[in-house]
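One structure is given here, and the rest of the page talks about it.
The values are calculated or read from the model by the stated rules, or taken from the named source; none is laboratory data. Everything numeric here is computed off the predicted structure, so don't read it as measured data. So basically every Cβ, Gly included, is an ideal-geometry build from the backbone, and we count neighbours across all protein chains shown.
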Amino acid sequence: MIWTVTFNPSRDMTFVLDGPLEPGSIQVACSIYARSGGKGNNVARVVRRLGQPVGAVGFYGGATGELVGSGLQEQGIEVLGEPIAGETRICLTIVGSGGSEITEIREKGPPVPPAAAERLLRRLLERVQREDWVTLSGSLPPELPASVWADWVRALNPRCRGVLVDTGAENLRAAISARPLVMVPNRDEWRASGLSVTDSVVVTEGANGVTCYPTPGVVRRLRPPKVAVANTVGAGDAFLGGMVDGLSRGESWERALVWAVAVAAASVTSPGVADVDPLLAQSLVPQVVVE
């Protein structure tokens, strides 16, 4: 089982325009996609599309929270949710001009009391098995301190096969202190963290692929195949989903990384957020270049 934790889930709405975004004007969307979002929920959708059993862990509030939870369940994803008083946030993505122009508008999210985080962690610890994998992704909602990352990683490390983290800046610094198996920040998040490179870091760099540091003094880059881009939002989540999928199936680190790059490349060909065609991803594997 793979468990994906989203501290700040959302209802993601993607509006696809038939031309460029024109600020100050009235435009009609030619397509609209609604998803249960937040980075960890994106990872959950990818993992499920790749055929793995997955549980989505997070905080859900109000009618929007119910929509997010039911949307995940409709896709065969188990939901381990902690109710909160506020309304789950809505995030909007506007895609114009064939995917070349993307505008994102994100709510901060409702407050989550630390006591709620402690309850949810206890519930997850009761469910997770030694052979399971756990991912922690995204931002924190108001009221939760960055130390939550370290608390969860320390608690989960001895209970599962591995914890993978995708976050940035202060959150990333807190998480690394607890030694997760691997951290998957993007380039800007890694630079903002001020941390030095380690063998547990894989840095995603968009169209430039990923960079990892398998041993001291060694840098390895994986270049993605060239594909027709429709929407790059969620590609990092697709990468993490592909990586934890590969590792959970017993793949080597290098093969899991190659698979993750192919999954991320497949995801950007869809106008939806982190939508992956497994057959397309498989066909892209031979085109991933390892340097």
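One line per residue, one yes/no per condition, for (1) assigned to a loop (DSSP other than H, G, I, E, B); (2) in contact with a strand residue (DSSP E or B) (Cβ under 9 Å, 6 or more places away or on another chain); (3) touching a residue at least 60 places away in the same chain (Cβ under 8 Å):
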| site | (1), (2), (3) |
| --- | --- |
| R11 | no, yes, yes |
| G24 | yes, no, no |
| S36 | no, yes, no |
| N42 | no, yes, yes |
| R48 | no, yes, no |
| Q52 | yes, yes, yes |
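Residues in the range 158-173 that are surrounded by fewer than 21 Cβ atoms within 10 Å (Cβ to Cβ) and touching a residue at least 24 places away in the same chain (Cβ under 8 Å): R159, C160, R161, G162, G168, A169, E170, R173. Of the strands (runs of 3 or more DSSP E) that lie entirely inside the range 190-291, not one contains 1 or more residues that are acidic (D, E) and more than 25 Å from V134 (Cβ to Cβ). Within the range 82-133, the set of residues being part of a strand (DSSP E or B), in contact with a helix residue (DSSP H, G or I) (Cβ under 8 Å, 6 or more places away or on another chain) and under 19 Å from P9 (Cα atoms) comprises E82, P83, R89, I90. Across the range 72-114, the number of residues qualifying as of a type in the set (S, T, N, Q) and either surrounded by 18 or more Cβ atoms within 10 Å (Cβ to Cβ) or modelled with pLDDT of 90 or more (or both) comes to 4.
For the subset of the range 209-232 comprising residues that are modelled with pLDDT of 85 or more and either out of contact with any strand residue (DSSP E or B) (no Cβ under 7 Å at 6 or more places or on another chain) or exposed (fewer than 13 other Cβ atoms within 10 Å of the Cβ) (or both), which member is nearest to R255 (Cα to Cα)? Selected residue: P224. Looking only at residues of the range 199-208 that are free of Cβ contacts under 8 Å to residues at least 24 places away in the same chain and in contact with a helix residue (DSSP H, G or I) (Cβ under 6 Å, 6 or more places away or on another chain), we find that the one that is surrounded by the most Cβ atoms within 10 Å (Cβ to Cβ) is V203. Considered as a group, the residues in the range 143-171 that are acidic (D, E) and assigned to a helix (DSSP H, G or I) include one that is farthest from A115 (Cα to Cα), and that residue is E170.
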